[in-house]
Amino acid sequence: MAHRQGGRRMLELEPLETRIVQSATTAHAAETPIDALARGLVLKTPTPQVQIHQDVTFIATDASSTTGRPIRAGKIEFLIDSPNPVVLGESKLNKTGATSFATNKLTKVGTYWIIARYVEPGGKIDPSETSTPLAIDVTPLGTTSFRVTPAVKFGRIGEPITFTVTALDSAGQPVTNYTGTVHITSPTDSATTFGKHFYINLQLPPPIPWTLGLASFQNQTYQFQPSDHGSHTFTDGVTFGKGGAEEVKATQANNANIHGKGVIAIS
């Protein structure tokens, strides 16, 4: 708006306002330069704690903090926040201004700080359009099985045999901080020559096992210690009283689904 003051023509600037663009069906606010500097980029995850090597999913939403309208174009880049940020990956925004990204690249135990930043359709990155850092705790994989390793493949009746039990994670790697309790048994610990179904089919009672031929153990229950680092050797741990393909089985005391076994040929 212009007016005269003291013989001079003065020009007053009106405050910048968001323009309203009217169409035949709807009206929407055209983005101003202020909107572009005030994008609300929010980063979340449903799993703030994961085990090493497992996928973690990130969800990012981007909207103008001035108008609340979603940012529908461009993409979001996901990074490990550090003096030298590491890019984990990127994902395009959808029509609701949201996107998600999953990665298994957090391969070390510890706390990671993750950030998301907006990338314009032309590829330009504005560092000011970055989310608040999000903490992700990565823990070691839990024990899912045991590896039972006999010291020998062939043994003799009545001679003690040494074996080692190692706790493993789902990736088959040793769980070096395992401190659980295991039970040691032998599934083949029977003097019965044939399986029980053989006798059932013949309508005969199975013979009573000859207890003198069963395996004997130095210790059938053991709690792993921190000094074991997830692997314990049972020296002269088992002695078999009969020949055949004999098994040594380790089972976690509070979860029978976590187990493992090794086979020794006894003659």
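Which one is farthest from Thr45 (Cα to Cα), of the residues in the stretch 128-139 that are surrounded by 13 or more Cβ atoms within 10 Å (Cβ to Cβ) and aliphatic (A, V, I, L, M)?
Looking at residues that are surrounded by 13 or more Cβ atoms within 10 Å (Cβ to Cβ) and aliphatic (A, V, I, L, M), I get Val138.
If a residue must be under 15 Å from Leu88 (Cα atoms) and in contact with a Pro (Cβ under 9 Å, 6 or more places away or on another chain), how many such residues does the stretch 37-55 contain?
Counting residues in the stretch 37-55 that are under 15 Å from Leu88 (Cα atoms) and in contact with a Pro (Cβ under 9 Å, 6 or more places away or on another chain) gives 1.
Test each condition in (1) crowded, with 20+ Cβ neighbours inside 10 Å; (2) under 18 Å from Phe146 (Cα atoms); (3) not charged (D, E, K, R) for Ala215 and report the one that comes out false.
Every condition holds for Ala215 apart from (2).
Spot the failing condition for Ala245; the list is (1) surrounded by 13 or more Cβ atoms within 10 Å (Cβ to Cβ); (2) assigned to a strand (DSSP E or B); (3) not acidic (Asp, Glu), and only one is missed.
Going through (1) surrounded by 13 or more Cβ atoms within 10 Å (Cβ to Cβ); (2) assigned to a strand (DSSP E or B); (3) not acidic (Asp, Glu) one by one, Ala245 breaks only (1).
Anything in the stretch 95-152 that is farther than 30 Å from Gly230 by Cβ, touching a residue at least 60 places away in the same chain (Cβ under 8 Å) and aliphatic (A, V, I, L, M)? List them, or say none.
Ile115, Ala116, Leu134
Taking interchain pairs and intrachain pairs at least six residues apart, which have beta carbon atoms under 6 angstrom, with the first residue in the stretch 153-165 and assigned to a strand (DSSP E or B) and the second surrounded by 12 or more Cβ atoms within 10 Å (Cβ to Cβ) and aromatic (Phe, Trp, Tyr)?
Phe163/Phe234; Val165/Phe146
With Thr143, Thr176 as the choices, which residue is of a type in the set (Val, Ile, Thr) and in contact with a strand residue (DSSP E or B) (Cβ under 6 Å, 6 or more places away or on another chain)?
Thr143
Could we say that Lys108 is among the basic types (Lys, Arg), farther than 19 Å from Lys44 by Cα and modelled with pLDDT under 95 here?
yes
For Pro205, are the conditions met, namely being in contact with a Ser or Thr (Cβ under 7 Å, 6 or more places away or on another chain) and either at pLDDT below 90 or assigned to a loop (DSSP other than H, G, I, E, B) (or both)?
no
Which count do you get for residues in the stretch 48-77 that are hydroxyl-bearing (Ser, Thr, Tyr) and either free of Cβ contacts under 8 Å to residues at least 12 places away in the same chain or in contact with a helix residue (DSSP H, G or I) (Cβ under 9 Å, 6 or more places away or on another chain) (or both)?
Selection size over the stretch 48-77: 4.
Taking the residues in the stretch 248-267 that are surrounded by fewer than 18 Cβ atoms within 10 Å (Cβ to Cβ) and hydrophobic (A, V, I, L, M, F, W, C) as candidates, determine which candidate is farthest from Ser231 (Cα to Cα).
Ranking the candidates gives Ala265 first.
The values are calculated or read from the model by the stated rules, or taken from the named source; none is laboratory data. The shown structure was predicted, so the numbers you read here are calculated from the model rather than taken from an experiment. When we count neighbours, we look across all protein chains shown, and the Cβ atoms used for this are built from the backbone with ideal geometry, even at glycine.
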